[in-house]
Amino acid sequence: MTTNTVLLNDQCNPLDSAEEFLDSQNWTFDRLSDEQLYLSIEGERGTYKMFFMWDELQNALQFCCEIDLCMIKERLPEAYKMLADVNSTLWLGHFDLSPDEKSGCFAPCFRYTSLVRGMQHSDCLRFIQDLIQITLQECERLHDAFYVLDKKNDISVMESTINSVESMKLALAEAVGHC
């Protein structure tokens, strides 16, 4: 057996670890294939749709978490400005806008891709736990900022009292405590 064969046999599928973690949380998920897993989680501020994609050949796990908001084309310039501000503060991953062809909306989506070559099952499990925890923290923290640009909000009312730059600064400000 060659060294490459040993490494491939030792490789964990991170989606198996994700299943184990999700089961321990009693969260419902769909394992679409050996390479894809989907779930939806209710947070304090919104619903988050998570999608894991595993590429065994590259030993890469791509993870996406879409926030249940809808930004219309007219608000994209403000949304992209906010994404640039938000992404410049993140240590891991980034936010982008995920288009929905049917509705014409764009949903904020957190994305993170990682190489997981040589991880043991226990390492994969800790990685998945951390990935989900960090993602939910960031999505919850930024939900209200993204909500400002949701199609349900009348941005013209806000702009009549606060300009767009000031409203984005206010929406992105860190709050202390919970109401």
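For region 6-77, what's the relative contact order in percent, using C-alpha pairs closer than 8 Å and at least 6 residues apart? Averaging sequence separation for qualifying contacts and normalising by length gives 21 percent for region 6-77.
Each residue in Leu32, Leu22 was given a count of other beta-carbon atoms within 10 angstrom of its own, and listing them fewest first yields Leu32, Leu22. Each residue, Leu76 and Thr47, gets one label point 7 Å from its Cα in the Cβ direction; the gap between the two is 2.5 nm. Here Leu57, Leu76 are placed in order of increasing Cβ neighbour count within 10 Å, fewest first, which gives Leu57, Leu76. Take Ile134, project a point 7 Å from its Cα along the Cβ direction, then tell me which residues of region 84-104 have their backbone nitrogen under 14 Å from it. What the label zone holds, given the 14 Å backbone N cut-off, is 89-95. For region 94-149, GluC sites (Glu not before Pro) meeting the loop criterion (DSSP other than H, G, I, E, B) and having at most 16 other Cβ atoms within 10 Å: Glu101.
Values quoted throughout were computed directly from the atomic coordinates according to the rules given, and no laboratory measurement underlies them. Because the structure is predicted, anything quoted here is derived from the model rather than measured. Because the Cβ atoms are built from the backbone with ideal geometry, glycine has one as well, and the counts that use them run over all protein chains shown.
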